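Student: Once you've had a glance at the structure underneath, I'll fire off some questions.
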Amino acid sequence: MEFTEAYKQTGPCAFSPNSRFIAVAVDYRLVIRDLLSLKVVQLFSCSDKISYIEWALDSEYLLCGLYKRPVVQVWSLAQPDWTCKIDEGLAGIAFARWSPDSRHILTTSEFQLRITVWSLVNTACVHLQWPKHASKGVAFTHDGKFAAICTRRDCKDYINLLSCNTWEIMGVFAVDTLDLADIEWSPDDSAIVIWDSLLDYKVLIYSPDGRCLSKYQAYESGLGVKSVSWSPCGQFLAVGSYDQMLRVLSHLTWKVFAEFTHLSNVRAPCSAAIFKEVDEPLHLDMSGLSLKDDFVNHNSDNGAEQHIEVRYDVLEVPITLPFQKPPADKPNPKQGISLLSWSSNSQYICTRNDSIPTVLWVWDMHNLELAAILMQKDPIRAAAWDPECTRLVFCTGSSHLYMWTPSGAYCVNVPLPQFNVTDLKWNSSGSCLLVKDKESFCCAAIASLPESSDYSSDDD
């Protein structure tokens with residue numbers, strides 16, 4: 001695994017959709033680097049600190065959300081002298097996003113008063129009143145032809161279906177939610193999944209013409225849905241709940257066909273491979289060397305901190321995982337399935353139960369069983385599947401990256417001084433992994449998957 005040197009960043013970083021560039025926020029500057037050489041190819045100066053970056057799908061334009069001001073600035077990679085500035089005045093801007101055609105920008109005003117569609121081709125703009133959320137509640141079809149936007153009026157939630165060509169409303173229908181949380185199109189654009197707030201467990205499947213295809217409610221009392229994700233193949237819908245369970249629905253019947261529990265006690269029968277991260281200090285034998293006393297004393301004090309080998313031990317059941325019971329008197333309890341991510345081939349899904357934050361679970365959807373448990377020393381911060389193969393990379397805020405494949409689990413040391421990995425993401429082609437520290441980032445290239453089927457791990 002090869003790493004580049006570290007570069008400064010103070011905020012969002014984003015790969016271009018064509019995997020040729022990476023955009024990095026450095027205070028009020030937008031730095032565009034070539035992905036192969038990481039050389040700076042463009043440098044744009046914004047009027048305030050950059051809060052958000054998003055590439056247009058054609059990789060020609062970028063928008064920068066300066067939400068403290070609040071304005072949106074748009075830049076062109078092909079025409080560096082061209083610029084665009086969007087200012088909603090007193091209404092403010094809470095969030096901005098591209099439309100699929102890369103020539104329109106949707107901004108949501110403060111207090112969700114309206115969504116405005118701005119055209120980069122002409123001066124026309126379209127308004128939609130009372131959007132439900134600022135950054136959520138808007139979903140585009142995968143073919144880019146339609147947008148589903150959640151609105152709320154008269155204490156009821158509605159879905160507005162808009163044409164992305166003319167931005168005319170094609171249809172409006174009410175949905176059976178108390179407080180709609182979010183919306184997502186199925187991968188084939190044939191259905192829309194809607195789920196309610198955490199106070200009411202409800203998952204609804206609608207057709208684009210407003211017919212309710214299915215209503216799923218696992219239980220009535222208690223906190224409800226925490227995360228929802230379609231599988232890339234479109235055949236499965238995964239629902240993570242506050243009751244620490246993962247439920248998977250079939251697209252044919254919209255019924256649950258698999259339920260996975262995240263228990264702190266793992267007992268037989270269990271075919272999953274269980275990995276535990278361990279630290280082993282490297283003890284250097286210097287008895288045969290002739291060294292000065294002050295050198296030996298200095299290194300005996302600091303050597304243990306500088307030389308730490310990290311690896312996985314393979315455990316056998318039964319095991320007890322470190323469970324954290326959330327306090328009953330505080331809101332937004334840290335429990336339930338908040339991290340939910342499918343592999344690119346839809347065979348595996350990884351989850352994190354917030355009550356056991358140091359453990360990552362990998363489930364096999366072909367055999368409907370637990371494939372692996374990865375026990376870390378620190379809470380899981382982020383996890384991302386390789387878009388081209390079955391490889392999961394995740395981080396815990398330490399100086400290491402962790403990988404899982406069906407053939408084993410591995411720990412990789414990031415060879416940069418004082419670099420603790422807080423976030424990571426793949427580019428669309430899977431050729432590059434962005435690794436972020438608090439104030440810097442680097443890129444990593446990972447070799448092809450190992451051939452061995454043995455479960456083992458060493459620090460690379």
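The values are calculated or read from the model by the stated rules, or taken from the named source; none is laboratory data. Remember, predicted model here, so these are calculated numbers, not experimental data. In this analysis, Cβ positions are derived from the backbone assuming ideal geometry, glycine residues included, and neighbour counts consider all displayed protein chains. When the accessible area is computed, the model is the full protein with side chains, heavy atoms only, and any ligands, DNA or RNA have been set aside. Shrake-Rupley method; radii C 1.70, N 1.55, O 1.52, S 1.80 Å.
Student: Quick test for you: out of Ser221, Ser214, pick the one residue that is at pLDDT below 95 and among the polar types (S, T, N, Q).
Tutor: Testing whether each residue is at pLDDT below 95 and among the polar types (S, T, N, Q) leaves just Ser221.
Student: While we're looking at this one, here's another question. Suppose we filter Asp364, Asp313, Asp354, Asp378 for residues that are loosely packed, with under 15 Cβ neighbours inside 10 Å, on the phi < 0 side of the Ramachandran plot and under 24 Å from the mean Cα position of the chain (by Cα); which single one remains?
Tutor: Sole residue among the options that is loosely packed, with under 15 Cβ neighbours inside 10 Å, on the phi < 0 side of the Ramachandran plot and under 24 Å from the mean Cα position of the chain (by Cα): Asp378.
Student: Taking the options Glu277, Glu259, name whichever one is modelled with pLDDT of 95 or more, more than 21 Å from His366 (Cβ to Cβ) and within 31 Å of the chain's Cα centre (by Cα).
Tutor: None of the others qualify; the one that does is Glu277.
Student: Ile32: crowded, with 17+ Cβ neighbours inside 10 Å, in a strand (DSSP E or B) and over 21 Å from the mean Cα position of the chain (by Cα), yes or no?
Tutor: It is true that Ile32 is crowded, with 17+ Cβ neighbours inside 10 Å, in a strand (DSSP E or B) and over 21 Å from the mean Cα position of the chain (by Cα).
Residue-wise test of (1) in contact with a Phe, Trp or Tyr (Cβ under 9 Å, 6 or more places away or on another chain); (2) over 13 Å from Ala384 (Cα atoms); (3) modelled with pLDDT of 95 or more.
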site: Tyr410; (1), (2), (3): yes, yes, no
site: Trp426; (1), (2), (3): yes, no, yes
site: Ser431; (1), (2), (3): no, yes, no
site: Val435; (1), (2), (3): yes, no, yes
site: Ser440; (1), (2), (3): yes, yes, yes
site: Cys443; (1), (2), (3): yes, yes, yes
site: Ile446; (1), (2), (3): no, yes, no
site: Leu449; (1), (2), (3): no, yes, no
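Student: While we're on this one: I'm trying to understand the selection: among the residues of segment 17-29, which are closer than 25 Å to Met403 by Cβ and surrounded by 19 or more Cβ atoms within 10 Å (Cβ to Cβ)?
Tutor: Ile22, Val24
Student: Okay, moving on. Quick one: count up the residues across segment 355-387 that are under 18 Å from Phe260 (Cβ atoms) and of a type in the set (Ser, Thr, Tyr).
Tutor: Looking only at that region, the number is 1.
Student: Just to be sure before I move on: is Ala218 open to solvent by 10 Å² or more (accessible area, probe 1.4 Å) and outside any loop (DSSP other than H, G, I, E, B) in the structure I sent?
Tutor: When the stated conditions are applied, Ala218 does not pass them.
Student: Hey, another quick one. Do you know which residues across segment 130-143 are more than 19 Å from Leu57 (Cβ to Cβ) and either touching a residue at least 24 places away in the same chain (Cβ under 8 Å) or of a type in the set (Gly, Ala, Ser) (or both)?
Tutor: Lys132, His133, Ala134, Lys136, Gly137
Student: Could you tell me which of the residues Ser163, Ser186, Ser99 is in contact (Cβ under 8 Å) with a residue 60 or more places away in the chain, polar (S, T, N, Q) and more than 30 Å from Ile50 (Cα to Cα)?
Tutor: Just one listed residue meets the conditions, Ser186.
Student: Further, regarding this structure: Given the structure, is Trp75 touching a residue at least 12 places away in the same chain (Cβ under 8 Å), under 22 Å from the mean Cα position of the chain (by Cα) and closer than 23 Å to Ala25 by Cβ?
Tutor: The answer is no for Trp75.
Student: Of the residues Ser398, Ser429, Ser407, Ser440, which is out of contact with any helix residue (DSSP H, G or I) (no Cβ under 6 Å at 6 or more places or on another chain), of a type in the set (Gly, Ala, Ser), open to solvent by 40 Å² or more (accessible area, probe 1.4 Å) and touching a residue at least 12 places away in the same chain (Cβ under 8 Å)?
Tutor: Ser429
Student: Just for strands (runs of 3 or more DSSP E) wholly inside segment 227-287: which have at least 1 residues that are exposed (fewer than 15 other Cβ atoms within 10 Å of the Cβ) and of a type in the set (D, E, K, R)?
Tutor: Fully inside segment 227-287 and qualifying: 256-261, 273-281.
Student: Follow-up question, since we're still on this one. For segment 86-145, name all the residues that are in contact with a His (Cβ under 8 Å, 6 or more places away or on another chain) and either on the phi > 0 side of the Ramachandran plot or not hydroxyl-bearing (Ser, Thr, Tyr) (or both).
Tutor: If the condition is that a residue be in contact with a His (Cβ under 8 Å, 6 or more places away or on another chain) and either on the phi > 0 side of the Ramachandran plot or not hydroxyl-bearing (Ser, Thr, Tyr) (or both), then Trp98, Gln112, Arg114, Ile115, Val117, Trp118, Leu120 are the ones that fit.
Student: Quick one: is Leu424 of a type outside the set (Phe, Trp, Tyr), within 27 Å of Gly11 (Cα to Cα) and open to solvent by less than 20 Å² (accessible area, probe 1.4 Å)?
Tutor: yes
Student: Please go through segment 17-30 and give me each residue that is closer than 18 Å to Cys46 by Cβ and touching a Phe, Trp or Tyr at 6+ places or on another chain (Cβ under 8 Å), ordered by number.
Tutor: Phe21, Ile22, Ala23, Val24, Arg29, Leu30
Student: Here's a follow-up. Given the options Asp364, Asp329, Asp313, name the one that is more than 21 Å from Ser407 (Cβ to Cβ), out of contact with any helix residue (DSSP H, G or I) (no Cβ under 9 Å at 6 or more places or on another chain) and of a type outside the set (Val, Ile, Thr).
Tutor: Asp329
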